[in-house]
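Comments concern the structure below.
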Amino acid sequence: MDPRQEFVRDLTRRHFFAQGGNLLGGAALASLVGPSLWGGLARGATLNSGESTVPRELTHFAPKARHVIYLHMVGGPAQMDLYDYKPVMGDWYDKDLPDSVRMGQRLTTMTSGQARFPIAPSKFKFAQHGRSGMWVSELLPYTARMVDDMCFIRSMHTEAINHEPAISYMQTGNQVTGRPCLGAWASYGLGSMNQDLPTFVVLVAKPTNTEQVQAISARLWSAGYLPGEHAGVSFRSGGDPILYINNPPGVPSQVRRRTLDGLRQLNELNYQAVGDPETNTRIEQYELAFRMQSSVPELVDLSHETEDTLNLYGPEVKKPGSFAHTVLLARRLVERGVRFVQMYHNNWDTHGNVAGRLPDQCRDADQPCWGLIQDLKRRGLFDETLVIWGGEFGRTIYSQGGLSHENYGRDHHPRCFTMWMAGGGSRGGQIYGETDDFSYNIVRDPVHIHDFHATVLHLLGFDHERFTFRYQGLDQRLTGVEPARVVRELLA
């Protein structure tokens, strides 16, 4: 719904008359001219096709992307073992990281007490691929095939050095939890394309290796100060995708319908008495849950997917909760009109045993990511779906704990890390940013989290400085008040 319509809807009678006669006259005019007063079709209105059209007036300019699939690698992938090739480091094995490189930068408590910081060159081989000549680790053979479809950012950076504030920063633009996340902003700005599914869905994939998983919680997909209907809806990897979505034994659908009608009447009475906008959110959530009783079982049923399609995603695709199964579900969601799919994959926090854990992580993600891109292309969804891959920070070139030629660990490193995008108006074959020989400092074209968010919002059709929500007397925005820029070199 257009924010102006939302404002009028959420006024109580007492507040309404307190505004004076001018507002009363405006409301009368609105009732005469209908939705056209607000700039055309209301956000989320359903057409005969079952989809909705977002009027141009509700975005600041024509969007390149209509959907986002955001693949967050929880823990922080090691950029120098995957995408940021540093061959010079072979000559630095077990030598101390120079003070001139570290420059007193902040360390975590896990390595700040180390007597020395020995360099750990990547044990994995690299090769160049595609017309772009992107260097890719041997751990990612499928990803290497599609580098010319991908847009690499090798100069991402953040101020956060620990997981909780860093993930919150990456998802919400702020290290303090409680702000709306990127998916909630997309839901608020673009609205629904399918009235039978949530606008914003969260999926959590199970890693094959579970040596060191990080805690993730619903705070990361909260709507914050936005209306509650824009919060992410979490789908479970096993059993019922959504708790309590099915009727209890002995409760037919007709009884559930009558129950919801009664609840609606009670909530409407409560709204008339209190005027809390979240009451309307509660009504809408009950109704969406009722509609999802028929839409969700069809969504998670993979029996109609062809073997050719399933083979794209790899041998784990039929295993519920696997990365492959989850990313296929993400494709099915956007295919049905879901705007934003946030997916989490844990255990990238390689403080030790990089040689054992990182290959497991890459096997989980490599072919399914490639399969997702190919599948989106086949279905004509690639150009309108922005796929994002990355973690909350990078890893250190120096070793944490014991060091050998065959194994080592790496600590958190916020000063530089690599992310990639594909489709949705991003520029395929682009390699943006550069780090020093130690993959420790950025030497060219830095991209801050706020820049990244501004760029994603641009692809969705929004000027990040004008895309705001009034809260506590301020026009709040995802990119905050510090300067941020759209990185136009990343745009097709």
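The values are calculated or read from the model by the stated rules, or taken from the named source; none is laboratory data. Model, not experiment: these values are computed from the prediction. As a convention, Cβ positions derive from the backbone with ideal geometry for all residues, glycine included, and neighbour counts pool all protein chains shown.
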Report task. Using the structure shown, decide if Asp451 is in a loop (DSSP other than H, G, I, E, B), of a type outside the set (Ser, Thr, Tyr) and either in contact (Cβ under 8 Å) with a residue 12 or more places away in the chain or buried (at least 22 other Cβ atoms within 10 Å of the Cβ) (or both). Result -> no
**Report entry** Leu490 being crowded, with 24+ Cβ neighbours inside 10 Å, within 20 Å of the chain's Cα centre (by Cα) and not polar (S, T, N, Q)
**Finding:** no
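Out of Gly321, Gly337, I need the residue that is in a loop (DSSP other than H, G, I, E, B), crowded, with 18+ Cβ neighbours inside 10 Å and at pLDDT 90 or above. Which one?
Working: Gly321 fails: crowded, with 18+ Cβ neighbours inside 10 Å.
The match here is Gly337.
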Requested in this report: Only residues that are at pLDDT below 95, within 23 Å of Val300 (Cβ to Cβ) and among the β-branched types (Val, Ile, Thr): list them for region 205-224, please.
Outcome: Ile216
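Wholly within region 117-211, which helices (runs of 4 or more DSSP H) include no fewer than the required count, namely at least 1 residues that are in contact with a His (Cβ under 6 Å, 6 or more places away or on another chain)?
Numbers: elements: 141-144, 163-172, 182-190.
Of the helices (runs of 4 or more DSSP H) lying wholly inside region 117-211, those with at least 1 residues that are in contact with a His (Cβ under 6 Å, 6 or more places away or on another chain) span 141-144, 182-190.
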Requested in this report: Evaluate region 215-227: report whether one residue or more is out of contact with any helix residue (DSSP H, G or I) (no Cβ under 8 Å at 6 or more places or on another chain) and either within 19 Å of Thr385 (Cα to Cα) or not in a loop (DSSP other than H, G, I, E, B) (or both).
Outcome: yes
Report task. Go through region 62-110 and count every residue that is assigned to a loop (DSSP other than H, G, I, E, B) and within 17 Å of Asp436 (Cβ to Cβ). Result -> 11
Query raised in the report: Within the bounds of region 145-162, is there any residue that is aliphatic (A, V, I, L, M), over 22 Å from the mean Cα position of the chain (by Cα) and surrounded by fewer than 21 Cβ atoms within 10 Å (Cβ to Cβ)?
Result: no
Query raised in the report: Is it the case that some residue within region 258-273 is more than 30 Å from Met73 (Cα to Cα), part of a helix (DSSP H, G or I), at pLDDT 70 or above and small (Gly, Ala, Ser)?
Result: yes
Query raised in the report: Tell me, which residue of region 422-447 that is among the aliphatic types (A, V, I, L, M) and in contact (Cβ under 8 Å) with a residue 40 or more places away in the chain is farthest from Asp383 (Cα to Cα)?
Result: Ile442
Requested in this report: Assess whether Asp463 counts as being of a type in the set (Asp, Glu) and not in a loop (DSSP other than H, G, I, E, B).
Outcome: no
Query raised in the report: Hey, Asp96 hits all of (1) at pLDDT 95 or above; (2) among the acidic types (Asp, Glu); (3) crowded, with 19+ Cβ neighbours inside 10 Å but one; which does it fall short on?
Result: (3)
Query raised in the report: For the subset of region 228-257 comprising residues that are more than 23 Å from Phe200 (Cα to Cα), in a loop (DSSP other than H, G, I, E, B) and not polar (S, T, N, Q), which member is modelled with the highest pLDDT?
Result: Pro249
Report task. Kindly provide the set of residues from region 247-261 that are under 18 Å from Arg291 (Cβ atoms) and more than 36 Å from the chain's Cα centre (by Cα), ordered by number. Result -> Val251, Pro252, Gln254, Val255, Arg258
